[in-house]
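A short worksheet on the structure shown next.
The values are calculated or read from the model by the stated rules, or taken from the named source; none is laboratory data. The shown structure was predicted, so the numbers you read here are calculated from the model rather than taken from an experiment. Using ideal geometry, Cβ is built from the backbone for each residue, glycine included, and neighbour counts are taken over all protein chains shown.
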Amino acid sequence: MAKLIDGKKISQQIKDELKEKVAQLKEQGISICLAVIQVGNNPASTVYVGNKKKACAYVGIESLAYELPEETTEQELLSLVEELNQKKEVNGILVQLPLPGHIDEDKVIQAISPAKDVDGFHPQSVGALSIGQKGFVSCTPAGIIQLLKRSDIEIDGKECVIIGRSNIVGKPMALLLLRENGTVTICHSHTADLKEVARRADILVVAIGKAKFVDADYVKEGAVVIDVGMDRDENGKLCGDVDFEAVKDKAGAITPVPGGVGPMTIAMLMHNCVESAMMSQD
Ligand code: GUN
């Protein structure tokens with residue numbers, strides 16, 4: 001059986017470290033505030049937003065919740081973002097995605113001040129990451145790097161294969177693994193012989209949103225398997241993009257779903273909020 005990479009435990013460590021840091025900052029008169037905007041009531045978004053607010057309360061970050069109706073116009077949302085950009089006491093702005101179809105997500109993301117872009121989705125943040133400059137990093141891939149580092153898994157010189165090329169996970173994941181001196185390959189739906197490429201990986205990151213897609217044929221003996229999926233299996237049970245039962249005896253280390261990558265995303269959001277508050281002091 002592979003070593004289990006415990007995202008719940010590691011995210012808790014990170015939140016506890018941040019809680020201490022936030023308390024120190026408070027003593028210096030610095031408080032931290034995250035504005036969270038949700039438009040409509042997508043049930044998954046409501047759960048995610050609730051978890052983000054809970055994490056803020058735990059760490060000692062104030063959260064401002066904006067729950068806007070589904071019929072909110074793009075202009076109304078852009079005006080709220082602009083208002084929050086101007087508010088000195090707000091350090092981070094998070095617009096929960098997906099947005100309703102009548103709102104242009106790219107336009108909204110671009111309206112967020114890069115100094116408050118704690119999701120790391122703004123083109124300026126993405127550009128900074130790609131050329132090795134300072135900026136906020138997308139929380140899920142940043143969390144995966146922490147999972148690897150805190151599990152003493154070496155990235156330097158390793159073959160890293162990512163299945164999935166989304167802006168939120170796949171692409172920033174590739175840049176972060178590259179920054180750690182990994183040899184990086186990104187696979188996607190047009191990749192010829194996906195299994196053969198995946199089997200080269202020392203570290204395999206799977207982020208495609210297809211329940212139990214990756215079986216033992218995709219995994220080299222002893223590989224580290226990171227599962228970003230949050231899917232439902234044929235019985236409606238939460239599962240990942242990796243068929244855990246099929247892979248667990250072949251992999252060297254593996255993240256479970258739930259309790260792997262998921263909790264890390266929120267821990268890194270808290271980390272970005274603390275960074276934002278510290279940078280605004282400089
Ligand atoms: N929807 C799903 N994941 C995320 C995330 O990390 N941030 C935001 N803003 N929306 C999401």
Answer residue from region 1-43, given it is of a type in the set (Val, Ile, Thr) and in contact with a strand residue (DSSP E or B) (Cβ under 8 Å, 6 or more places away or on another chain) and is farthest from His102 (Cα to Cα) among those: Ile5
Only one of Ser130, Ser166 that is out of contact with any His (no Cβ under 8 Å at 6 or more places or on another chain), away from the ligand (no atom under 11 Å from the Cβ), more than 21 Å from Cys273 (Cβ to Cβ) and touching a residue at least 40 places away in the same chain (Cβ under 8 Å): Ser130
Hey, Ser151 surrounded by fewer than 23 Cβ atoms within 10 Å (Cβ to Cβ), away from the ligand (no atom under 15 Å from the Cβ), over 21 Å from Met270 (Cβ atoms) and of a type in the set (Ser, Thr, Tyr) or not: no
All positions within region 15-53 that are more than 12 Å from the ligand (Cβ to nearest atom), surrounded by 14 or more Cβ atoms within 10 Å (Cβ to Cβ), under 19 Å from the mean Cα position of the chain (by Cα) and charged (D, E, K, R): Lys15, Glu17, Lys53
Candidates Ala246, Ala174, filtered to the one that is in a helix (DSSP H, G or I), of a type in the set (Gly, Ala, Ser), closer than 27 Å to His122 by Cβ and at pLDDT 95 or above: Ala174
Residue match in region 127-147 (condition: in contact with a strand residue (DSSP E or B) (Cβ under 7 Å, 6 or more places away or on another chain), modelled with pLDDT of 95 or more and in a loop (DSSP other than H, G, I, E, B)): no
